Every structure is written in structure tokens, then in C-alpha cells.
1. Which net charge results when you count Lys and Arg as +1 and Asp and Glu as -1 among the other residues whose beta-carbon is under 15 Å from that of A:Arg490?
2. Enumerate the calculated ³J(HN,Hα) couplings along the stretch A:324-330 in order (Karplus 6.51 cos²θ - 1.76 cosθ + 1.60, θ = phi - 60°), each rounded to whole Hz, writing x wherever the residue is Gly or Pro.
3. Indicate, rounded to the nearest 5 percent, the antiparallel portion of the DSSP beta bridges found entirely in chain B.
4. Check B:Val132: other-chain or 5+ apart residues with amide H under 5 Å from its amide H, H built from backbone geometry?
5. For A:Arg77, A:Arg648, B:Arg135, B:Arg129, give me the order by solvent-accessible area with a 1.4 Å probe, most accessible first, ignoring ligands, DNA and RNA.
6. Kindly provide the trypsin sites (Lys or Arg not before Pro) of the stretch A:403-441 that DSSP labels as loop, not H, G, I, E or B, and whose Cβ sees at most 15 other Cβ atoms within 10 Å.
7. What percentages make up the Cα-Cα pair-distance distribution of chain B when the bins are 10 Å wide from 0?
8. I'd like the distance separating the alpha-carbon centroids of the stretch B:15-60 and the stretch A:444-476, in whole Å.
Amino acid sequence: MTSSVSKGCFVFKPSAKRRRNTPTVEDYFIHGSEDTENSKLRFRNCQTLWEKMKADTELLQDELNRKILDSLLAFIRKSVSTFQRGTDDWASRMRAHEIPTAALVLGVNVPDHDMTFQCLADQLQQSVTPFVVSVQATECAALNHMMQRVLERLIGTSVSVDNEEPEQRSTNVNQKRVHCSLITLCNWYKTVTKKAASGTPRKKRTSVGKDMQQHPPIVVIFKDLEAFNPKVLQDFILICSRYVEQLPLMFVFGIATSPSTIQHMLPHSVSSLLGIELFQSLSCTQHLASVIDKVILTSQFPFKPSGKVLQVLVSIFLYHDFSVRNFIKGLQLALLEHFHSQPLSVLCCKKEALVHATELSHRNVERLQQLPSFMRYVEEQGPQEQVELLTSDDHVKEVCQKLLKDLRKYHKNYYPILRCLHILTASLPKYPLGKQIRELHISCLEKNVWENEEYASAMQLLRMMAKDELTSALQKCAEILKSVKTKKMRAALLQLDNLLAKFDQPGDLAADENAAGEDLTSPGKGLQKKTDLFQLQKTLLEMKKSRRTKTMSPFEILRDQALEFIDSLVRSHLAPPESQPLYEVCYYSSSAVLRRHLNATPRTSIQTALSNPYHYLKNENLRAEDGTVSNAAPDICIVYKLHLECGRLINLYDWLEAYATVVSAAEGKDPDSADFGKVDELKHARFIQAVSELEFLGFIKSTKQKTDHVSRLTWGGC
Amino acid sequence: MAAQLQHLGYDDEKLQRVMERLPCRDVQARMLLALMGEPEQCSYPSIFIYGHRTTGKSHVIHTLLKELELPYATVSCVECVSVGLLFEQVLLSLFGSDSASLLSRSPSLSDFVRVYKQLCVQASAKQTRYIVLDRVELLRDMEANLLPAFLRLQELVDDNVTVIMLSEIVWDKFRPNTGCFEPLLLHFPDYSKGELQQILSEDSHPSYSPELYSAFINILLGVFYSVCRDLRELRHLAALNFSKFVEPLEQGKVKEGDTHKLWRNIEPYLKKAMQTVYLRELSSVQWEQQLQMEEKEAGAVRGLSAHAHVELPYYSKFLLIAAYLGSYNPARTDKRFFLKHHGKIKKTNFLKKHEKTSNHLLGPKPFPLDRLMAIFYSVVDSRVAPTASVFSQISSLVTLQLLIQVGHDDQLDAPKYKCAVSLDFILAISRTVSFDMVKYLYDFL
């Protein structure tokens, strides 16, 4: 498929049959690239990688949600059983008028909740009850809308379950249209449960039937409680509570802010009808941390965002939306951009990379040779090798394979060491290297971490660490290293184990400490004899020196050894990726592109378009000096420019005059002629159109303060 | 007593049963029975019953009508989102399931009267029909002709029908200014302490003696009567705490007669319940769990209001702070807070008279978007690009009910907002971004 196909497809083609070649995502991806084969390969790489990442994150999110969902399900099951026991039990009879309600606190980012609720609804439908309805505030502006939604969905779902009886379905639909009240629901519920109880073999869900009791509850999920109209919600609850004896109703409130909103929204007379239980989900920052841990801090995926890119994504999360979903989407965009813009990203995959390396085209080999990191690598080689690398394609391909292997090894060692360093530094006071591992990761990506001042201060703090803290941290490091299979890490593990073993020899330590104590006292005795000031100073200096050198207990020596060892590991494995040849293959670094796409600035774009039309139109006539607008620019630009010179209120007539002058100059009229700057009908119309466009864009609006004036809505100007 | 009621034409036994089920509402029930007369007799067109929540209005009416097997329809006006629904329910319960189909899709009052008459001819009843309208105050918000029409429905449909209205509001608040038929007024007074005791004692636990339960209720009322007289709430409290009350009995430490010891045992729990359960801060389930946990982990389960903390994105916090400042500072003082060289302004001379009262007492004032953004840019410490997500955060704050959008005209150009959070909340927020809120609030100058 070529690019012409995707261009040739028009949306307004009349017959749908002829439109057989709708462009796929792949076509868009390939569109405009010179080497189709290569881009197809890249597209496939990108797809498989993304699929894997998506699957992993979804799995992770399921796991994170599981705990809260499980407790919710348990709550709902328990409520069901109390309803079924009915009036036998004194306590539950006394509580019969409460509607069991789960308040689910999910954090401020509402769009992220959809997935959780979907998950909840699915699980409920699978194991507890088929009657689950979710409603959103936007659908329930008034009470009758809300009723209608609930009934529609409830009766609708059961209809789709019982599709053996089409005629009943039609009557149901008719009835529903006539009156949407809970009485209808009650009647419907009675017939449904009776049918289930009468023991007709239900074909569709036998597996569910066993678990589902005679009276499956009706669960209503309010997705965004805050946005509901309080009056509507109160009325709905009041109505529901009237039927609580006939209908096993149950509510789930999705709360974005805090549980006290329930009290703000519902007066006591209503909230006393509910038996509320609170469920709190994981905070979104923890959620993000685990996603980063799973997707970014792993050598499993060859694609890596650079420090800047990661920073853009994280800052959008922290500053703007708290949305994990948006973070993942941003990552997807980075992935797509990387594979789209970097031809050499064919090599960015796991197993096939080496195969792809041998199949590089000549053009791509040239690209490879031009990579800054590769050029640096070439410079480090001997002259003979340099010539080879610059002339022979085959040799380059061979070297490339080797370099790719090295890169993979680098990553395999990088992450475990990063984690070890994080474990050691995360408990230090004031967190010199960051509280979260992502902060440490970003600083490691940017430059040699050991050159940072923070690193030095962290090391200093580590040198003062107590024994048990240090050993437990080192033990955790050993745990991390155990799971890594590379040679270097194994060696490191061996060394670390040795050190830990030494820490664990208490006998030696104690004996040495005694010796150190004796040393300490002896110079003190000598001090008493001498009274000479000079002598005193000398001995004091000596004492200080000796204390520094001699009082090093074996533990301290060991501690220094351990830290030196860690330091050496850091220096050898945590070098920034820029130092690695061919790092461009795996790292996506254009953070500006990402920022522009994810954190759009519509107002800045409009202002750029108006004040500098050349930026978008690329017409040479419009090219102008800084801060000026060519008089050939579109009318709206001229009008905009003129309005910047005005104050808060703009006199329309003056504005028109000024506009006419500018436009006349553009028409090439003689400035001295009589009709220069004269307003004719055409100019008048153009001016009015431009002004109303400005009004539409929100720069001005009509005002009643003064006749023939409009007011500016923006401030500042030239 | 029963002998007196005999002439009303009801079965003696039935009357006896009804009276048993209506403790402490003897007077009212008798009054109602007297008004209703014999089943065949024509009754008064409309009766208006009012009294506080849980004074037994609906209970008395329903028990009477149900036990005496009279034809009646009962409708809660909350449920009636449309008039049609109201008519439909009345017809359904008075004339059976087919009757509602006679109504048109969106029936008017005259449709209802017409259909009623029609059905009435077909099935003319010997007994008085009753229509009970619960929470009738909501009827006032519906069409204006509805309330007057129901008051004289008897005349309109030419049938032996009585409309009984129940409300928590006095009749004076109902009277339309065009005047209307005056219903008979009947007041249900609040239960006295003794009456509450009697009613609550009735739902005694099956496995314990009624005397014990009555003693428990006595203790409960001793603690709660001064703060709460709501029967439903008291019943809820009784149900929650009874298991704790009988715990020493279960363990065999105390005998049933030893009320003093039982009282000593339960009192601290009741005191605790007063703080949390009465406000429904905790669900009953959680309360029971907490009782089981004992003092070891007291405070482990916290009430709803304890979870007031909200996590917000960084800029949202500053937007909220800016909104708070916009809502509680007079606009003229912005210069003083946000310009570097503002000069000194004395509080007393500077302000108009009405501004001298604390703004926190007056509540939040609306402010335009421009002012919000201007304050936002001056309080946030770094340069912020005016990106789309900054603006979308404002609207998400609105959906979270932390900001309120006011006014509906001119939403595109100059929307106005109000800040809806409390001072404590904003102080907590500003502490997390280390912003000294108090320094910027005019009230604390």
C-alpha cells in the first residue's frame, strides 16, 4: 500500500461499497516515508511492543484494584445475605430500613475511575447479581431522567438475557414508556425472581446460577457523586427507601474528593436511610509509582523515554491531572513518535534486533554512522578500525550487533544497581537523591550521578549510618541482585554477600571496640602531666589526628568498604545512556514535541497566528520584522494588531479609520491622493467581519458602558 | 371504650386490633375514626394531618385503612415526578390494573376527573374511598390547580371520596392566595418521653425478657432524650447498642436484675455513640465492628468527616487558593496583596462601611475568571504557560464541587465562580504547598 492510496480516500465519496480501502493506522504511519519496508517493520515493532506494554499495565492495574474490589464484593455479598435472612434475625430486622451503601473514594481524577467501575460491574455481574446499573451525573439532570436511566438499564439488561421471549420484551418497552416508577421496577423484579425460583433451567448462566441466590440485589453505581444534583439524589434515595422491603437495593457512591461530601450533599433525614461503609483506593501517586516501576524501570522493554521526556510526563501528572491513564497515553505517544521519527528504531526491539541489524539498508547504515554516539565511538578506535568503520557497510553491521548487545547488557546492569542505590538513599534524612525512584532515575539519565553534589552528601550521610540500618539495606540490595542473571551482577552479589558476612561477625567487632576504647583513654592520661600551652596544643592536635585514624572501629572500616563497593558499582553501571554508543536507537528524547502535543496552549497558538501569520501560513509576503504585521496580512491580523494599541474600551470608528488606512497602503494607493484611507463598502464589510471574528475568538465583546465602543477582554499589548 | 366505637359500623375485634397497633396515638386514631364515620357514610372531602417526622402520621393512617379493609390509595408525592404518575397510581390502587390505560399519555387534571367519573359509574362503591397523599408539600411545586382540586375532589368526581394529606408543614404555608376549600386540620403532637419509652420497648429482642429491654430503653433515653427525640433515630441507636448491653449477661458476669451494673457497663459506649453514630458518621456495620474491637484499637475506624483530606494536582491547589482569595478578599485589596510597591493601606480608612464586617461571616463572593487567573499567576511561584490543562482544571474543580459556577449568562466570555471550600480545608491545602495563606487574607490582617 502506498501513500497515494491514503491520499485518494475521500470522506465524501457517495457509495460506501466503493470505499474498500479505508486507510488503516499503518497507512498513516507509513505515509510520507521514503522506505516503506523499513517503516512497515518499524510499525510492527511498535505495535508488538505497545501490545505488550498495554497488557502489562492492565495486569498491574487489575492487581492494584483487586484488593478494594474484593472487599467491596464481600460487603455486597454480606448485605445480600442479611436481606435474605430477612426478619429472622433481630438485629437485621432493626436495620431493615437502611439501604446498604458503599462509599468508594477513588481520588480526584474522575476519568480514571471508569476502568475501576467497569471492573466492578463485571465482577458483580459474574459472581453476585445480574442487576447492576451505573449512572453518571450528566444523564441525571432531573429525577425522572434518573429513574428512566435506572429502569431502562435494569429492565433492558434482563431483556437481553431473556432473549427467548421477544414478545415480552416489546411489552416491557411499551410499559416503560408509560410510567417510569419504582412500582414498575418492583413488579418486574417480582416476575424475574419468580421465574428464576420456579426452576426453569436457565440456559445462559448456569455457572452463575449456583452462586446467585433467590433474590439477587439491585446495585446502583453512582459514578461521580459530587456532580449529581443533591436534590435529585435525595429524592431518589427517599423513593428507594420506600421500596427497600420489596427490592434488595444497594448503592455504590464513587467519590472523588472526600467522604464528607456525602454529609454535604445529603441532609441527615436522607443519610440516615443509608448504611454507609467506606472503601479507600490506592492513592494515584502510588499507582503511578508502580506503573513506572513496571514499564519504565525494567530492561524488559527496549523502548526508553529520556530524562526530559519522562520529566514532561511526570510533571503533567503531578501538576495537572493526577491521571495514570493520561500518563500511559503519553507514553504511548512517545513510543509512536519514536518509531515514526527515528528510522533506526527498527533496531529497537528485543530478539529480532540483531537480525534487523544485518539487514540494514545502505541509507540506514549511513544514518547509523552519523549518529553522534556512534561517531564518538569511532573516534575512540584505532586508525585502522576507524577507516573500516567509515567505509565498509558490512563491518558497520557487525559492530552494530556487538554494540546492541552491549547496550542490552548495560540496561540489564543499570536497573538493579539503580534500585540498590535507591534503597540505600531513600531512607536518608531530607532525601538528597529523591524520595521516589523515578527522581533518581531521571538524575541518572541526565548526567553522571556521582558528580552531583547531592550524591556526595548522600554518601556522607551513608557513612554515618547505624549498623542494623545499613545491613538491612544491604540485605535488600542483595535480594535485588539475586534476581539478575548477568555475570557482573553475580560477581557483585558475591562480593556483597562477603561483606554482609563480615558485618555479621559480632565477636570480632566487640573485641576491636574494646581495643579502640583503650586507645582513647591513654592520651587523656598523658594530658594531665603537661601544663605548657604550646605542648598542650600539640598534644591536642595529635589526639585529634589519632582519633581520626585510630578510633576507626572495625565496623567503621567495614562500612567504608561497603560504601566504596557501592560507589564503584554506581560508577561502573549508572553512567548516563548518552555515553553508550547507539543509545539513540532506544531513547526517545524530543520532549518539546511531546509537550506540545500533551500540554497544548491554544491561546498562545491563536496569538501567534494573529500576530505572526507567517508562522502558520508560510507565505513570503507575510514575512515581517519582530512585532510588526505586514499590511498584506489577513484582515483579522491587522484588526488584532490595531486593537492591541487601544485601552480597555475601543472606539469602533477610530478603529475602522485606522484599518482603512492600513489596507489602502496595502492596495498600493498613493498616500497623497484624496481617497486614500477612505472607507468604502467593501472595506467596511471586511472590517466588520474581522471584528466579529475577533469577538468570536473572545478578544473583545460589546459593551453598554459607551456607545460605539467595544471592550477588550485581554490585557497587555504593545 | 370499644363499646363507644361500636356504632361506627366496624367489626369489634378489628377495632381492638387496630388500637393495639397504635400505641400512644389513641386520641388521634379515635378522632380519625369519628371523622371517617361508618364505611357507607359520606365523609368530609379532605383532611390535612401535620406533625413532625416520626409522629406516626403515615403509620396511623395506613394501619387504620389496612386493618379496616377500606378501599384506599396511598401515594408519596416525592415519587411523582410527573402529574401523570400521581393520577396513575391513584387509579391503579382504587380501580385495579386496567384503569390506568384509560389515561392519555400526559394527562391533565380534567382527564383524571373524567376517567375517575367513568370508572366510578362502572364500579360504584358503597364504602368511602380514601386517597392518602404523603409529603403533600411537594404538591405545591407542581401545577397550581392540583392542590385546590384535590381538596374538593369529592365535589369534582361526584363520589364518596376523602383525600387525606400528610405533611410536616403547617397548613398556613399551603393556602394558595386565590383561596381554596379548607380541609379539616389534625395535628399529631410529638411523643413524650414516656410514650417513646412505651413504643421503643415494643420491639424487644426475642431471646431476652421484655423487662430487660425496657430497662435498656430507659437507660438509652436517659442519655439521648436531651439531644434526640426522633423515634427512628432512637430505634436505630437501640438496635446498635443492645448487643453491647447484654454482653455481660452472655458472659454470665451479671444477672438480669442488676440494672446498675448493666448501666455502668453500657454508659461509656452510649456516650461514644453520641459523637459518631447519631450523625451517621459511621455505618451501623462499622460501629458494630468497632464495638467488637474494644478499646485496644479505639479510633481505628474514623468517621466520615475525619477523611476531609483531598489530594489535588499541584496547580489545582494553587487555583483553589487563588479562588479562595478571590472569594474572601475584596477586589480592591488585590493591589495591596499582589503588587510589590503597594504602599500602606490602613484597614479602617480604606474600606467602605459594609466591608468592615468579616468576609468570612458573609460567605464567599463571586469573582470573574480574569481575576482568578491574575491571582493565580501571582501566587504560583513558577511561570505557568496558559495551557489548556490549566483551564480544564478549573472546570474539573467545578465538577468536584470545590468551586461553584455562578450566573448563567455570558458563560463564554466572563464566567464567574465562587469558592466552596472551608477555611480549614484551604489552610490544609496551602500547608502542603507551603503557602502562607493567612498573610494574604484580608480578614486576618
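1. Neighbourhood net charge equals +4.
2. With coefficients 6.51, -1.76 and 1.60, one gets 5, 4, 5, 4, 5, 4, x Hz.
3. Working: 6 of 25 bridges.
Around 25 percent of the beta bridges assigned by DSSP in chain B are antiparallel ones.
4. Residues meeting the criterion, in which the H sits 1.01 Å from N, are B:Ala73, B:Thr74, B:Val75, B:Ile164.
5. On the way: A:Arg77 95, A:Arg648 155, B:Arg135 75, B:Arg129 10 Å².
Heavy-atom accessible area, descending, gives A:Arg648, A:Arg77, B:Arg135, B:Arg129.
6. Working: sites: A:Lys405, A:Arg408, A:Lys409, A:Lys412, A:Arg419, A:Lys430, A:Lys435, A:Arg438; in loops: A:Lys430, A:Lys435.
Of the trypsin sites (Lys or Arg not before Pro), the ones in loops of the stretch A:403-441 whose Cβ has at most 15 other Cβ atoms within 10 Å are A:Lys430, A:Lys435.
7. 4, 15, 16, 15, 18, 18, 10, 3, 1, 0
8. Rounded to whole Å, the Cα centres lie 82 Å apart.
The values are calculated or read from the model by the stated rules, or taken from the named source; none is laboratory data. Predicted model only: the values in this text are computed from it and were never measured. We place every Cβ from the backbone using ideal geometry, glycine too, and count neighbours over all the protein chains shown. Accessible surface areas use protein heavy atoms only, side chains included; no ligands, DNA or RNA. Shrake-Rupley method; radii C 1.70, N 1.55, O 1.52, S 1.80 Å.
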